[in-house]
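Below you'll find the structure, written out as structure tokens, and then a few comments.
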Amino acid sequence: MTRRSHPSAGSSPAPTPQRRSLAVEGVGAPVVLTVSHRARRLTLRVDPTAGVVRLTVPPGVEEGEARRFVDRHAAWVRRRLDAVPRAVPFADGSEVPYLGEPHRVRHAGGRGAVVRAEGEFRVHGAAEHLPRRLRDYLVREAAREIAERAHAKAASIDARIAAITLRDTRSRWGSCSADGRLNFSWRLILAPEPVLDYVVAHEVAHLRELNHSARFWAVCARLCEDVSGPKIWLKRHGAQLHRYG
């Protein structure tokens with residue numbers, strides 16, 4: 001949702017945007033107000049990953065005007081929020097995907113490791129440790145899957161990986177630095193296998209082409225069977241991976 005506003009004068013570099021909470025009743029989620037010198041209009045969007053409503057305004061917009069803007073679009077915001085998938089905790093009985101395949105979480109009790117078998121995660125140990133143990137297991141599995149694929153793909157194009165790290169990134173699924181360091185979201189282990197494989201291929205291809213030129217996409221296509229399908233899947237469903245845990 002947008003409303004136009006006049007641009008501010010001046011040609012100096014834009015200051016850092018200012019953020020604060022905005023109290024608005026009847027919206028159904030916290031509203032984060034950002035004052036940005038780059039903004040030319042009021043914009044409103046729902047951030048399903050953070051579970052907040054983000055309102056961006058140009059400098060000079062009074063708080064009352066900002067609040068009225070949100071009020072006018074409250075019904076739209078509530079519809080968007082209702083469409084956001086519900087959070088799925090790492091808990092006994094929850095269903096969590098592994099390479100896209102649904103697995104039921106079962107608290108097994110006793111001692112032992114997390115076991116994945118027959119469409120289940122059997123998590124041993126005390127019940128209060130289940131969320132941490134399952135998350136740790138998924139991170140380890142992601143590290144194993146990603147490292148094996150990344151090193152094999154890098155070797156096939158005679159490229160060198162300096163390091164591989166996993167994080168819980170929200171803005172991107174992977175990245176490649178100029179010195180050959182690859183970073184991935186551990187949540188890729190939840191996505192279908194072709195999606196994980198594509199993201200790994202994408203970042204390994206950057207070891208040869210640190211851009212998104214035609215040459216880069218040619219290298220990427222050599223490293224994975226499908227490029228377009230996983231890209232579409234991530235655009236449509238990627239945000240849902242953040243609802244687990």
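A few remarks follow.
- Scanning the range 1-56 for residues that are touching a helix residue (DSSP H, G or I) at 6+ places or on another chain (Cβ under 8 Å), assigned to a loop (DSSP other than H, G, I, E, B), at pLDDT 80 or above and under 27 Å from Lys235 (Cβ atoms) turns up Val27, Gly28, Ala29.
- Gly109 falls short on exactly one of the conditions (1) at pLDDT below 90; (2) of a type in the set (Gly, Ala, Ser); (3) at negative phi, and that condition is (3).
- Residue pairs whose Cβ atoms lie under 8 Å apart, separated by 6 or more positions or on different chains, with the first residue in the range 154-165 and in the same structural domain as Arg215 (by TED's automatic domain parsing) and the second among the aromatic types (Phe, Trp, Tyr), are Ile164/Phe184; Thr165/Phe184.
- Subset tally (residues that are within 19 Å of the chain's Cα centre (by Cα), under 29 Å from Phe121 (Cβ atoms) and either in contact (Cβ under 8 Å) with a residue 24 or more places away in the chain or assigned to a loop (DSSP other than H, G, I, E, B) (or both)) for the range 57-104: 12
- Residues in the range 65-121 that are of a type in the set (Lys, Arg) and either under 30 Å from Asp47 (Cα atoms) or in contact with a His (Cβ under 8 Å, 6 or more places away or on another chain) (or both): Arg67, Arg68, Arg72, Arg78, Arg79, Arg80, Arg86, Arg104, Arg111, Arg116.
- Checked against the criterion of being at pLDDT below 95 and surrounded by 13 or more Cβ atoms within 10 Å (Cβ to Cβ), the range 151-171 contains one or more residues that satisfy it.
- Test: residue in the range 185-199 that is closer than 25 Å to Ala239 by Cβ, without any contact (Cβ under 8 Å) to a residue 12 or more places away in the chain and surrounded by fewer than 22 Cβ atoms within 10 Å (Cβ to Cβ): no
- Complete set of residues in the range 131-162 that are in contact with a Leu (Cβ under 8 Å, 6 or more places away or on another chain) and under 26 Å from Val114 (Cβ atoms): Leu138, Val139, Ala142, Ala143, Glu145, Ile146, Arg149, Ala150
- Hits in the range 105-121 (condition: assigned to a loop (DSSP other than H, G, I, E, B) and of a type in the set (Asp, Glu)): Glu118
- Against the list (1) crowded, with 16+ Cβ neighbours inside 10 Å; (2) under 25 Å from Gly174 (Cβ atoms), the condition Pro102 fails is (1).
The values are calculated or read from the model by the stated rules, or taken from the named source; none is laboratory data. Keep in mind it's a predicted model, so treat the numbers as computed, not measured. Positions of Cβ are generated from backbone atoms using ideal geometry, with glycine treated the same way; all protein chains shown enter the neighbour counts.
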